[in-house]
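I have placed the structure first, in the form of structure tokens, so that the comments after it can refer back to it.
Readers should treat all values here as calculations from the given coordinates under stated rules, not as data from a laboratory. The structure presented is a predicted model; accordingly, all values stated were derived computationally and were not measured. With ideal geometry, Cβ positions are generated from the backbone for all residues, glycine too; neighbour counts draw on all protein chains shown.
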């Protein structure tokens, strides 16, 4: 059995930077997912918060900073939630800073 307690010097680790602007600071944000009534434990439409990290400078969310979702479950859920007429789902979440 190996000892998992390791001494790691943070200054020796690689910095993660924003893929869009190169900034190296991030803030904690939440992506909100709509849970259809059929998938909800209460039988009612609900909201599921997913934590993510957005760039402090431009609001971009790097590809690796969005939690992975079971694609089959997401497709099934999407078929149970009617979209508004003429409305397209965004391809990638984006935080808008004012």
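Applying a threshold of 9 Å to beta carbon distances and a minimum spacing of six or more residues, or different chains, the list of pairs starting in the stretch 17-31 at a residue that is free of Cβ contacts under 8 Å to residues at least 40 places away in the same chain and ending at one that is loosely packed, with under 13 Cβ neighbours inside 10 Å and not in a loop (DSSP other than H, G, I, E, B) reads 28/51; 30/49; 30/51.
Residues in the stretch 26-51 that are exposed (fewer than 10 other Cβ atoms within 10 Å of the Cβ), assigned to a loop (DSSP other than H, G, I, E, B) and on the phi < 0 side of the Ramachandran plot: 41, 42, 44. How many residues does the stretch 6-22 hold that are assigned to a loop (DSSP other than H, G, I, E, B) and exposed (fewer than 10 other Cβ atoms within 10 Å of the Cβ)? Of the residues in that region, 7 qualify.
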